[in-house]
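Asker: Before I ask anything, here is the structure I am working with.
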Amino acid sequence: MTTLTDDTLPATPRAMRDEMIAFALMALLLASVPFTGVYPFFVMQALCFALLACAFNLLIGYGGLLSFGHAMFLGTAGYCSAHALKVWALPPELGILVGIAAAFVLSLITGYISIRRQGIYFSMITLALSQLLYFIYLQAPFTHGEDGIQGIPQGHMFGLFDLSKPTVLYYVVLAGFLAGFLLIFRIINSPFGEVLKAIRENEPRAISLGYRTDQYKFLAFVLSGTLAGFAGALKVFVAQNASLTDVHWSMSGEVVLMTLVGGLGTIFGPVVGAFVIIAMQQYLAGFGQWVTVIQGSIFVICVLTFRRGVIGEIAHYFRRSL
Amino acid sequence: MQALYAQLLVGLINGSFYALLSLGLAVIFGMLNIINFAHGALYMMGAFVAYFLLNLGGINYWWALLLAPIIVGIFGMILERTMLQWLTGLDHLYGLLLTFGIALIVQGVFQNYFGSSGLPYAIPDELKGGMNLGFMFLPIYRGWVVVFSLVVCLATWFLIEKTRLGAYLRAATENPTLVRAFGVNVPRMITLTYGLGVGLAALAGVLSAPINQVRPLMGADLIIVVFAVVVIGGMGSIMGSIITGFALGVIEGLTKYFYPEASNTVVFVLMVLVLLVKPTGLTGRAA
């Protein structure tokens, strides 16, 4: 059985240095966006999806588990944050916490159920669970069905930052994204992350070495789901609504596509993939359903010719870890 | 009581589609080690081919029942030859991703030309009307769908479990290299198997065309339910797929009568319960 990434370099000081430089460049680039005249709403949206894709990548790229239901964490956190902000009138920081907590609880439950099966079954189970939640949200009164929760107040973060100002909101979203990204980066390079990679490469061997692989996979699932929920909570402030599209299976598919395009199991790949796919949707919005066809074609092309993704190919070419 | 019987019948019909589709998924998974995400899209294509045959070629339902699975099956075999075969030896998930992409392409193209609304497909004259069974009124076409699907399912079971060809197939599932050493053309068998699985999906599509309208997204949500059916039943046994498919359809129908709010979700809830009690699925062995 071939593995996902054939060239996993050990975490050498050089690899760490490369990654830190790349991270600093990324942070600098993103921090300068408001001065460049790029439409900040587009970048904020892409950042939310980038965080979601990074969280998803933690599970597939390092745990080898393909979740086809990550939209359920995005959507659940979004709905709960939106409800807390609008109906309970909580301040933004608590609204985000409510969303994260909801995603955490959901990932505990869904993780407990889905981790019981391996490989292809795991993907089908996560997809079915997210479809179950989709139908629940479709009928639950607090989500307002097809309309979604609209007109969510943005409020003042910590009572200081006025989130209705685009530039302030941008930096808050950026700070959230970078915090989530660093946490994932830390997880990947921790002893826990190393065990996870070992399980991905050869699970029977990891078991024979005495690791309780199910517990590691469960923890990875919960971390990934909770971080995906963080992305969903941030997205509420950007989009100012929470709707059924965020829980739909096509959203789960898009996250998979972003990560695949950027590079499964690469640190920066999901970020690049998210920007590529969001930009593509933005520019091709006028083509109607052809966007779906194009997305499908990208899937096919990536799987057949380009399995390492953009960042994966670059990293492979320069023999660096990115 | 009339309403209960009516919902039971609807359940049996949905169960027929679940059985035909999960049967195809199981057969394909056995040979190709791929979960065919495009199964729903190919089911939809079956219905559309029947629609085109009738409206463009004047070819009636009975011929469509034969031709649509063949046409879609050939399309599937082309997919297998040009794309899927290159995935041999790779991780399972690439098969899922590739077929997901194919599903998006097929559904997107049809949505472009036909929107999201349904196209009508008339019930053939021979199967119009209904009969009074005493306790309920049975529309003949619906009865036909259940009986015909059951026959096709059992024929497929017979083909795989009881014939010489099926024996080759099962042997190749267990150990393709060894079967090849005996002079059997395994790659061709894999292509034909994919064609067979896809043909079953297309057949389900033709059967459903007069009941549910012909829509580009008719297979998109269905395939997710079928995935849950497959998780519940496991893909290890052909008969298991058939029985689970029909049983879940009936349970769904009963839910529509007793607690309609849960009719969309009951299959998924059952999947969760089965996973909690018996993680390997009802007929499955430990992986």
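Asker: Going toward the positive end of the dipole of region B:2-277, with +1 on Lys and Arg Cβ and -1 on Asp and Glu Cβ, which of B:PRO139, B:VAL152, B:LEU93 do you reach last?
Answerer: Final value for the positive-end residue is B:VAL152.
Asker: Within chain B, what's the longest stretch lacking trypsin sites (Lys or Arg not before Pro) that sit in DSSP loops with no more than 15 other Cβ atoms inside 10 Å?
Answerer: Looking at chain B, B:129-284 is the longest stretch - no exposed trypsin sites (Lys or Arg not before Pro) with at most 15 other Cβ atoms within 10 Å.
Asker: So, one more: Project the alpha carbons of region B:94-162 onto their principal axes and report the range along each, largest first, in whole Å.
Answerer: Principal extents (Cα only, largest first): 51, 41, 21 Å.
Asker: Binning every alpha carbon pair distance of the protein assembly as shown at 10 Å from zero, what are the percents per bin?
Answerer: Going from the shortest bin to the longest, the percentages are 3, 16, 26, 26, 17, 8, 3, 0, 0.
Asker: Assuming 1.306 mPa s and 10 °C, estimate D for chain B with Stokes-Einstein, Rh taken as the Kirkwood radius over Cα pairs, in µm²/s. Each step should come with its number before you reach the end.
Answerer: Details: Rh = 19.4 Å.
Answer from the Stokes-Einstein relation: 82 µm²/s.
Asker: While we're on this one: Evaluate the charge dipole of region A:40-253 about its Cα centre and quote only its size in Debye, nearest 20, assuming +1 on the Cβ of each Lys and Arg and -1 on the Cβ of each Asp and Glu.
Answerer: Roughly 420 debye, rounded to the nearest 20.
Asker: If you filter region B:128-170 for chymotrypsin sites (Phe, Trp or Tyr not before Pro), then keep DSSP loop positions with at most 10 other Cβ within 10 Å, what is left?
Answerer: Answer by residue number: B:PHE135.
Asker: Below 22 Å, Cα to Cα, which lysines can A:LYS165 reach? Residues fewer than 8 away in the same chain don't count.
Answerer: A:LYS86, A:LYS235
Asker: Summing -39500 (n - 2.57) over the DSSP H runs of n ≥ 4 in chain B and dividing by its residue number, what mean residue ellipticity at 222 nm do you reach, to the nearest 500 deg cm²/dmol?
Answerer: Result for chain B: -24500 deg cm²/dmol, rounded to the nearest 500.
Asker: Grab the Cα-Cα distance for B:ALA167 and B:TRP86, subtract it from 0.36 nm times how many residues apart they are, and report the gain in nm with one decimal.
Answerer: Here the segment from B:ALA167 to B:TRP86 would lengthen by 26.6 nm.
Asker: Please give me, ordered by residue number, the trypsin sites (Lys or Arg not before Pro) of region A:168-233 that lie in loop per DSSP and have at most 15 other Cβ atoms within 10 Å.
Answerer: Counting only loop positions with at most 15 other Cβ atoms within 10 Å, the trypsin sites (Lys or Arg not before Pro) in region A:168-233 are A:ARG212.
Asker: How many percent of the alpha carbon pairs in chain A exceed a separation of 35 Å?
Answerer: More than 35 Å apart: 16 percent of the Cα pairs in chain A.
Asker: Which of the aspartates and glutamates could be linked to B:LYS278 by a straight reach, that is with a Cα gap under 20 Å, when you skip same-chain ones fewer than 8 residues away?
Answerer: Counting by Cα, and skipping residues close in sequence, B:LYS278 has these aspartates and glutamates nearby: A:ASP214.
Asker: Kindly state, to the nearest 0.05, the FRET efficiency for A:TYR317 paired with A:ALA31, given R0 = 25 Å and r defined as their beta-carbon distance. Mind showing how you got there, number by number?
Answerer: Values: r = 28 Å, r/R0 = 1.12.
The value I calculate is 0.35.
Asker: Kindly express, to the nearest 10 degrees and within the range 0 to 90, the angle between helix A:166-188's C-alpha long axis and the longest C-alpha principal axis of chain A.
Answerer: Taking the Cα atoms of chain A, the angle to A:166-188 is about 20 degrees.
Asker: How far apart, in nm, are the 7 Å Cα→Cβ label points at A:LEU138 and B:ASN60?
Answerer: 3.7 nm
Asker: Rg (Å, one decimal) plus Dmax (Å, integer) for the alpha carbons of region B:5-81?
Answerer: When restricted to the Cα atoms of region B:5-81, Rg and Dmax are 14.4, 45 Å.
Asker: Of B:ILE59, A:PHE49, B:PRO176, which is farthest along the charge dipole of the protein assembly as shown in the positive direction, counting Lys and Arg as +1 and Asp and Glu as -1 at C-beta?
Answerer: It is B:PRO176.
Asker: A further question on this structure: Placing one identical point scatterer on every Cα of region B:169-209 and ignoring solvent, what is log10 I(q)/I(0) from the Debye formula at q = 0.14, 0.32 Å⁻¹?
Answerer: -0.41, -1.00
Asker: Moving on to the next point. Could you work out [θ]222 nm for chain A from helices alone, using -39500 (n - 2.57) per DSSP H run of at least four and dividing by all its residues? Round to the nearest 500 deg cm²/dmol.
Answerer: Here the helix-only value at 222 nm equals -23500 deg cm²/dmol.
Asker: Sticking with this one: Where does region A:183-260 land on the Kirkwood hydrodynamic radius, alpha-carbon pairs, in angstrom?
Answerer: Hydrodynamic radius (Kirkwood, Cα pairs) of region A:183-260 is 14.6 Å.
Asker: Something else now. A:LYS197: which lysines have alpha carbons under 26 Å from its alpha carbon, excluding same-chain residues fewer than 8 sequence positions away?
Answerer: Leaving aside lysines fewer than 8 places away in the same chain, those within reach of A:LYS197 are A:LYS217.
Asker: Where nothing but the Cβ of Lys and Arg (+1) and of Asp and Glu (-1) is charged, how large is the charge dipole of region A:98-204 around its Cα centre, in debye to the nearest 20?
Answerer: Here region A:98-204 has a charge dipole of around 240 debye.
Asker: Output the 0 to 90 degree angle, nearest 10, between the alpha-carbon long axis of helix A:290-305 and the longest principal axis computed from the alpha carbons of chain A.
Answerer: The angle comes out near 20 degrees.
Asker: Now, a different point. Please compute the Cα-Cα pair-distance distribution of region B:36-105 with 5 Å bins starting at 0, giving whole percents from short to long.
Answerer: 4, 17, 23, 20, 14, 11, 7, 4, 1
Asker: Also, quick follow-up: So how strong a dipole does the protein assembly as shown carry about its Cα centre when Lys and Arg Cβ are +1 and Asp and Glu Cβ are -1, to the nearest 20 debye?
Answerer: Numbers: 29 positive and 24 negative charges, 194 e Å.
Approximately 940 debye in magnitude.
Asker: Assuming 0.692 mPa s and 37 °C, estimate D for region A:150-206 with Stokes-Einstein, Rh taken as the Kirkwood radius over Cα pairs, in µm²/s.
Answerer: Rounded to a whole number, D works out at 231 µm²/s.
Asker: Rounded to two decimals, what ratio of Rg to Rh does region B:128-287 give with C-alpha atoms and a Kirkwood Rh?
Answerer: Numbers: Rg = 18.5 Å, Rh = 18.2 Å.
Rounded to two decimals, Rg/Rh equals 1.02.
Asker: Report D for region A:113-265 in µm² per second (integer): Stokes-Einstein, Kirkwood Rh on Cα pairs, 10 °C, 1.306 mPa s.
Answerer: Using the Kirkwood radius from Cα pairs, D works out to 88 µm²/s.
Asker: To continue, here is another question. Give me the angle, in degrees from 0 to 90, between the Cα long axis of helix B:61-82 and the longest principal axis of the Cα atoms of chain B, rounded to the nearest 10.
Answerer: 30 degrees
No value in this document is a laboratory result; all are computed from the given coordinates. Computed from a prediction, not measured in an experiment: that's the story for all the values here. All Cβ positions, glycine included, derive from the backbone under ideal geometry; neighbour counts span all protein chains shown.
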